[in-house]
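Report on the following structure.
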């Protein structure tokens, strides 16, 4: 695999040298690897933000693309590092739940290994930068064709991200904001298909004491209008046309969003 | 074209997964494409900012480089998506004028097609993310050698960016700020060649009630000095040496800048 | 060297077109160059920030990787532009000291040339964008195999970054903050090996009237705790667990940090 792709997703920012360090380590071992930045702008230690980012983006990549993820508040503790095969992708990731939303109902279960074989690591291993000392060199070895079975034993248990569930009422669904995007759009966990026949004119969306107008796309309403619509991930989204809904509503991850309808 | 370059220019930011999604879609269809980020930091929906960015950067690229641009306040509306050949570059871009400053006097006219052939798109097409569902797959197909004539019909009309003109007085030129760069430098639409003999000691620049000192380069004046000079794009630029002119002057895109001289 | 790597490190930001312009210029001359962004987020004109970034990241790259660095407050002045071989890396960089922390005791001395041969430059050369007009085309020529000896004469003198020294007391070491990373962690110039036997329980760290608790890794203390530890660069680091030490302490580059111990 001389030109295999390795993507990088971190909370390192770009003003710090840490992402560049990982690129250097990977290329030092695997000079032909095709490195690709997905982001270094996950908010610091924000596992829920990373979870949405990864679950949204990774399934679009070619089969067996290798993704290195470093959002790792537990670095240096006993938390494990994992090699995961899920949704036809390959991940190297701390065991903190940031990847488990890729493990979806009805798909084949993930295959997970704990990284324990330190012969594939940089030595000495620091206490605070396992991205450099463990994940980067392991990624390089995998890009050169290393059998993942050599990385460590299979795991049957791992940390799962805990999200509040959608509550189903007789004439309502209550979910919450799971992601706020760069535009300030509020992405919820209310899936389009769960709205069923409700998705239409007799449906009311409620969030932060407001009732956004239901539209099909942003351009259906004038600039500044608070709207609700089906997001590109097929969930309910609340937005301000050419504006910032998170700022307008003071909403954050976890803010409740309710959909009500008339039978 | 197994290693053709595809550049990405968006207002998606890097904290959101949208740019990563487009990379996945492109590589899923065209695994050997060489993806290159130009920026994901165009301010949200800021077509004028994108216009300056594109007009400044794209002409330096190798002939026939393919550029995908997603700054798209009209997504989901009836606005067209275009394939454009201009300045020897190839663009996939919403029809909102963000590219038309590349269409310069004296150059061969652009060749433009409207994207209508949905066999090259992802299905179903969302209402809010045409970058993922239309532009990315079309870019992948083009990188694999698809004839652009198959994308849709030629267009003779398209949206053009409207900028206020330069006003010519007997002893003055009045233009305006067209871009504020990362350093807070004010880039104007007053071109060096239009200053003619005026460019020199007897010329006065006026902006926001200040008269910046005319210099040849930043290092000609001490830190903190307000200066005017010829920018790297050969237009009048107003800067603060090792400081931020936009902040100091409270200037923005559209702020008038006048050059006066003595006959 | 058809697929040689060229990295880019600048203070251009990503909202401005300057980094994209350099990519275009390099690819225009050397279409197969593998461009890699290290960062465009060095704070404007911040040579000390760039110095730490480069000294930390560049040594990890494969031998002879070519690094183009544009943090250049002196652009257009008489400051030289340099080609440098140091730590097995190749650099194109303004002569402002931002690279000299790579020149470490006990390593072979750097080999330095001044860029004077303008046949390898873009013409005309602007006064304000030597990254585009000199460094980018020279990088492209080097990636195609140009002998560095043709770029200009050897230099024996260059600007060195001036940092305050570590002060050694009988029972103390006093250094200072040399870098603040994206997480707000304070990285000092107090090296682990200089602490000697002191590195342990009887050692006290003092910074901004606080005494951070000494730990082995962030996860050793609860969220919000002010801690000191050995950084991944083996220097003393001050951090707030899952928080921002720079903000909490009001610290900046140059803030003194003292380590005291009991004999």
* To do: Kindly establish whether residue C:73 is farther than 24 Å from residue C:179 by Cα and part of a loop (DSSP other than H, G, I, E, B).
  => no
* Tell me, please, whether a residue that is at positive phi and in contact with a helix residue (DSSP H, G or I) (Cβ under 8 Å, 6 or more places away or on another chain) can be found in the range A:58-74. => no
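Being away from every other protein chain (no Cβ under 12 Å) and surrounded by fewer than 18 Cβ atoms within 10 Å (Cβ to Cβ) is the filter here; which residues of the range B:79-90 pass it?
In the first step, residues of the range B:79-90 are kept if they are away from every other protein chain (no Cβ under 12 Å); the result is B:80-86, B:90.
If the condition is that a residue be away from every other protein chain (no Cβ under 12 Å) and surrounded by fewer than 18 Cβ atoms within 10 Å (Cβ to Cβ), then B:85 is the only one that fits.
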* Could you list, in sequence order, the residues of the range C:191-215 that are more than 24 Å from residue C:165 (Cβ to Cβ), at pLDDT 90 or above and in a loop (DSSP other than H, G, I, E, B)? -> C:215
* Hey, can you tell me all the residues within the range B:6-30 that are over 18 Å from the mean Cα position of the chain (by Cα), outside any helix (DSSP H, G or I) and more than 20 Å from residue A:186 (Cα to Cα)? => B:30
* Structure fact -> All conditions in (1) closer than 28 Å to residue C:39 by Cα; (2) outside any loop (DSSP other than H, G, I, E, B); (3) at pLDDT below 95 are true of residue C:179 except (3)
* Out of all the residues in the range C:178-189, which are closer than 15 Å to residue C:227 by Cβ and in contact (Cβ under 8 Å) with a residue 12 or more places away in the chain? -> C:183, C:184, C:185, C:186, C:187, C:188
* Structure fact -> Within the range C:229-250, restricting to residues that are assigned to a strand (DSSP E or B) and in contact (Cβ under 8 Å) with a residue 40 or more places away in the chain, the one that is farthest from residue C:191 (Cα to Cα) is C:240
* To do: Please verify whether the range B:47-57 includes one or more residues that are in contact (Cβ under 8 Å) with a residue 40 or more places away in the chain, within 20 Å of the chain's Cα centre (by Cα), surrounded by 23 or more Cβ atoms within 10 Å (Cβ to Cβ) and in a loop (DSSP other than H, G, I, E, B).
  => no
* Among the residues of the range A:103-135, write down those that are closer than 20 Å to residue A:149 by Cα, assigned to a loop (DSSP other than H, G, I, E, B) and touching a strand residue (DSSP E or B) at 6+ places or on another chain (Cβ under 7 Å). => A:110, A:115
* **Which numbered condition residue B:119 fails, given (1) more than 19 Å from the chain's Cα centre (by Cα); (2) surrounded by 15 or more Cβ atoms within 10 Å (Cβ to Cβ)** => (2)
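Filter the range A:218-228 for residues that are outside any loop (DSSP other than H, G, I, E, B) and at pLDDT 95 or above; which is surrounded by the most Cβ atoms within 10 Å (Cβ to Cβ)?
Result: A:228.
Let's see how each residue does on (1) modelled with pLDDT of 95 or more; (2) at the interface with chain A (Cβ under 9 Å from one of its Cβ atoms):
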{"position": "B:1", "(1), (2)": "no, no"}
{"position": "B:7", "(1), (2)": "yes, no"}
{"position": "B:13", "(1), (2)": "yes, yes"}
{"position": "B:19", "(1), (2)": "yes, yes"}
{"position": "B:27", "(1), (2)": "yes, yes"}
{"position": "B:47", "(1), (2)": "yes, no"}
{"position": "B:57", "(1), (2)": "yes, no"}
{"position": "B:64", "(1), (2)": "yes, no"}
{"position": "B:68", "(1), (2)": "yes, no"}
* Determine which member of the set B:106, B:76, B:97 is surrounded by fewer than 19 Cβ atoms within 10 Å (Cβ to Cβ), over 28 Å from residue C:38 (Cα atoms) and at pLDDT below 95. => B:106
* To do: Those residues that are in contact with a helix residue (DSSP H, G or I) (Cβ under 6 Å, 6 or more places away or on another chain) and either surrounded by fewer than 22 Cβ atoms within 10 Å (Cβ to Cβ) or within 11 Å of chain B (Cβ to nearest Cβ) (or both), I need them from the range A:29-45; list them, please.
  => A:29, A:35, A:38, A:40, A:42, A:43
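For (1) within 14 Å of chain C (Cβ to nearest Cβ); (2) surrounded by 15 or more Cβ atoms within 10 Å (Cβ to Cβ); (3) closer than 21 Å to residue C:129 by Cα, each residue gets a yes or a no:
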site: B:175; (1), (2), (3): no, yes, no
site: B:182; (1), (2), (3): yes, yes, yes
site: B:187; (1), (2), (3): yes, yes, yes
site: B:192; (1), (2), (3): yes, no, yes
site: B:206; (1), (2), (3): no, yes, no
site: B:216; (1), (2), (3): yes, no, yes
site: B:246; (1), (2), (3): yes, yes, yes
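The values are calculated or read from the model by the stated rules, or taken from the named source; none is laboratory data. Just so it is clear, the structure is predicted and the values come from calculations on it, not from any experiment. Glycine also receives a Cβ, built like all others from the backbone with ideal geometry; neighbour counts cover every protein chain displayed.
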